[in-house]
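Inspection log for the structure reproduced underneath, given as structure tokens.
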Amino acid sequence: MTQQIAANDEAVVRLGLMDSPPEERFDRITRLARERFQVDFAVMNVVNSETVFTKSQPSTSNFRHTPIEDSFCGEAVKQPAVLEVRDGREDPRFADRAIVAEHGIRFYAGYPIHTEAGETVGTLCLLDTSPRELTDSDREAFEQLGLWAQAEMRMDDPADDPDAVAPGDPAAVERDPAAAPTAHADQLAGGEVRLASLAIPYGRVSGDRSSWQQLGDRVIVTLADVMGKGEVAGSFAEELISALQDRAHLEPVAAMLSVEEFARHEPRYRETFATLFHAVIDPRSGRVSYVDAGHGLTLLLRPDGSTERLSSRNLPLGLRPVDADWEAGETTVASGDLIVSVSDGALDAYDCTLESLRLIGEDLRRAREAEAFFDRLAIRVSEHVVDDDVTAVVVSVR
């Protein structure tokens, strides 16, 4: 047991996440978890043998470090699966712990997060001040969110990449010299809609993809971000975009259901997933119907200065429980409106949090044109530690 504890602590150090600042790639998971389960708190923790460090939490809470002996997570990391505590006051393991006795938390569900090698390094947790019980459907959805959290943490593990270097090493921030920015623009729907995209891969092959096409009076726009980097992620992203293009005649939810059914029967897709934004725009009516699958990084900017974030409570494609429905979104656009959607790598060029998305919107407003915005974004990527693919799509309604 002592050897296992030591290995887990070494893995936490290797990840470099202890005492690190908030990041949207984790915050969107806890935000979706809190909305999905309607709990007081959904948090993601980094856990070693002494402390629980809260890496992601609601803006209304202020967890920082909790001694392992005062927490639920000290028990959760010992479990092979989800630890559920329906009422901490009635559970002798936790009734006297500070999290229950002093802070009033009664319900807890914790998913233990492991590295590829099996070391336990963290937890995804639900907490509430009222007793609760997860249904079978709830538990499945929570486990899927846990897999997403685990995949994000594993992205920071140099042990999963034989060519990786330790956190803090200057070589860690060097981008592949072949990964030059590429931009593309096009006029569709008789010039009523202008689309432009920027792609800055981290390596030679990007796990991000974007596309657009016109079918009759409709313009179909997609941005997909596949978990991982390199050729496997890039190949999946390419096939995913192609599959959605082939279904351009369908409404977004129907297109997603069809692609999802295809992917469920492809064994090579069972170990990965993708966040994406897929929209159908009718310039004549102004109607925009869309599906956001765990992406949440799309803004609608109005000429009057107002902003609308296009998001939903959907999990990424590949993580949706079979009994959950896809949540559709709808809005309207008019002349002068802008839609900008980015992959989460773009946030690293700002402060890595959701506040970065607001700053991206402000930069686009100031730039007025997509190309000038892309120039500024590419400069920011070169000036910051951005160890991920960066993709941006801008839709201008004329």
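The values are calculated or read from the model by the stated rules, or taken from the named source; none is laboratory data. Bear in mind the structure is a predicted one, so any value in this text is a computation, not a measurement. Positions of Cβ are backbone-derived with ideal geometry, glycine not excepted, and every protein chain shown enters the neighbour counts. Accessible surface is based on the protein model in full, side chains and every heavy atom, while ligands, DNA and RNA are left aside. Shrake-Rupley method; radii C 1.70, N 1.55, O 1.52, S 1.80 Å.
Table for the structure above
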| item | result |
| --- | --- |
| Arg89-Ser382 pseudo-label distance in nm [points 7 Å out on the Cα-to-Cβ vector] | 6.1 |
| Sequence-distant residues sharing a close amide H with Phe63 (under 5 Å, placed H) | none |
| q = 0.15 Å⁻¹, region 10-50: log10 I(q)/I(0) [Debye, one scatterer per Cα] | -0.45 |
| Between region 92-124 and region 231-309, the alpha-carbon center distance in angstrom | 35 |
| Estimated dipole of the chain in Debye, rounded to 20 [Cβ of Lys and Arg +1, of Asp and Glu -1, Cα centre] | 960 |
| Cβ-Cβ FRET estimate between Ala98 and Val13, R0 fixed at 30 Å, reported to 0.05 | 0.70 |
| Accessible area (Å², 1.4 Å probe, nearest 10) - Arg358 | 110 |
| Ser335 paired with Ile68, simple spin-label distance in nm, labels 7 Å along Cα-to-beta-carbon | 6.5 |
| Relative contact order, percent, the chain [alpha-carbon distance under 8 Å, six or more residues apart] | 14 |
| Estimated FRET transfer efficiency (Glu261, Thr182; beta-carbon r; R0 30 Å; 0.05) | 0.40 |
| Accessible surface of region 1-118, 1.4 Å probe, proportion on carbon and sulfur as whole % | 48 |
| Accessible surface of Arg218 - all protein chains present, 1.4 Å probe, nearest 10 Å² | 50 |
| Using alpha-carbon coordinates, inclination of helix 2-15 to the longest axis of the chain, degrees | 30 |
| Stokes-Einstein D in µm²/s, Kirkwood radius over Cα pairs - region 339-383 at 37 °C with 0.692 mPa s viscosity | 315 |
| Efficiency of FRET from Cβ geometry, Asp136 and Glu369, R₀ 41 Å, rounded to 0.05 | 0.20 |
| Peptide ranges 52-62, 309-319 listed from the most packed, as the mean C-beta count within 10 angstrom indicates | 309-319, 52-62 |
| Nearest 10 degrees, 0 to 90: helix 136-154 Cα axis against the chain principal axis | 80 |
| Label point distance in nm, Arg204-Thr60, each placed 7 Å from Cα along Cα→Cβ | 5.0 |
| Calculated SAXS-style log₁₀ I(q)/I(0) at q = 0.29 Å⁻¹ - region 183-247, Debye, Cα scatterers | -1.21 |
| Packing-based order for 181-189, 102-110, using average beta carbon neighbours within 10 Å, highest first | 102-110, 181-189 |
